[in-house]
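The values are calculated or read from the model by the stated rules, or taken from the named source; none is laboratory data. Bear in mind that the values here come from a model prediction, so they are computed numbers and not experimental data. Glycine gets a Cβ as well: all are built from the backbone with ideal geometry, and neighbour counts include every protein chain shown.
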Amino acid sequence: MIDAGLPVRAFFTTRDGGHSQEPYASLNLATHVGDDPTAVVANRRVVSEAAGAPVTFLNAAHGVRVAWVTEVGAEPPPADVLISTTPGVALGAIAADCVPVLIHDAASGAVAAIHAGRPGVYAGAIDAAMAALIDVRGRAAASDTLSASIGPAICGRCYEVPHDLREQVSARHRAAFSTTSWGTPALDLPRAVETRLGELGVTAIVRVPLCTREDESLFSHRRDGVTGRHAGVIVHP
């Protein structure tokens with residue numbers, strides 16, 4: 001587990017410490033990648049024990065849909081943003097190259113777990129999460145009460161995309177514009193997420209500087225094809 005550096009219990013999992021066999025070894029948390037369902041249940045139990053509560057894992061919709069979780073261990077609808085104001089609720093954002101983002105608002109106590117893939121970043125998943133957090137309070141968010149942690153994701157040196165796609169995404173998020181280490185068009189989604197959070201007033205931002213494609217302790221769909229998923233987990237105090 002990697003500490004997320006937030007003022008509440010929050011962490012990012014790696015691929016170690018679970019029950020799955022190759023190519024999902026070993027702490028795969030996804031139910032949709034072909035792994036043994038029994039192993040996934042056992043893996044999710046491991047993470048829930050680390051969280052101190054049953055974790056509600058999001059089912060990515062690859063957009064900007066927000067789902068509210070009001071009960072411990074509840075099963076959410078497909079969404080890329082999970083938010084809770086209920087004490088004891090644990091939220092998990094699953095990813096393998098996409099960006100898992102965790103946010104805590106000290107003013108309201110609300111927590112959010114976000115799956116920020118390329119479609120979600122482009123469409124405004126970060127904006128949707130921030131808007132929902134602000135709505136909890138009914139007033140504009142103050143930067144000194146919001147803290148965010150950006151988890152391991154594929155970096156701008158490795159996320160190769162077609163030229164037209166780089167132009168499209170970077171036209172909306174200039175910080176996403178990048179070039180691979182081998183000289184081809186790329187996107188830097190973690191940098192785009194960090195920049196957007198800053199533009200929206202968040203100043204307390206932790207970024208885990210690990211690239212999923214480069215670091216074999218993490219799952220990477222780009223690197224391995226068939227593989228598992230790790231997660232960012234945050235618990236409402």
Across region 60-95, what is the number of residues that are under 14 Å from ALA125 (Cα atoms), of a type outside the set (D, E, K, R) and under 14 Å from the mean Cα position of the chain (by Cα)?
11
Residue within region 201-215 that is part of a helix (DSSP H, G or I) and either surrounded by fewer than 21 Cβ atoms within 10 Å (Cβ to Cβ) or not hydroxyl-bearing (Ser, Thr, Tyr) (or both) present
no
Among (1) modelled with pLDDT of 95 or more; (2) in contact with a Ser or Thr (Cβ under 6 Å, 6 or more places away or on another chain), ALA74 falls short only on (1)
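Please go through region 216-227 and give me each residue that is basic (Lys, Arg) and either more than 18 Å from ARG157 (Cα to Cα) or surrounded by fewer than 18 Cβ atoms within 10 Å (Cβ to Cβ) (or both), ordered by number.
Step one: list which residues in region 216-227 are basic (Lys, Arg), which gives 222-223.
Residue satisfying the conditions is ARG222 alone.
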Looking only at region 184-191, decide whether some residue is buried (at least 23 other Cβ atoms within 10 Å of the Cβ), touching a residue at least 24 places away in the same chain (Cβ under 8 Å), more than 21 Å from PRO7 (Cα to Cα) and charged (D, E, K, R).
yes
Among the residues of region 113-134, is any buried (at least 23 other Cβ atoms within 10 Å of the Cβ), over 21 Å from ARG207 (Cα atoms), of a type in the set (A, V, I, L, M, F, W, C) and modelled with pLDDT of 95 or more?
no
What strands (runs of 3 or more DSSP E) completely inside region 114-187 contain at least 2 residues that are charged (D, E, K, R) and closer than 17 Å to ALA67 by Cβ?
none
ALA90 in contact (Cβ under 8 Å) with a residue 40 or more places away in the chain and over 30 Å from GLU199 (Cβ atoms)
no
Taking region 37-89 and the residues there that are of a type in the set (Val, Ile, Thr) and touching a Leu at 6+ places or on another chain (Cβ under 6 Å), the one that is farthest from LEU27 (Cα to Cα) would be VAL69
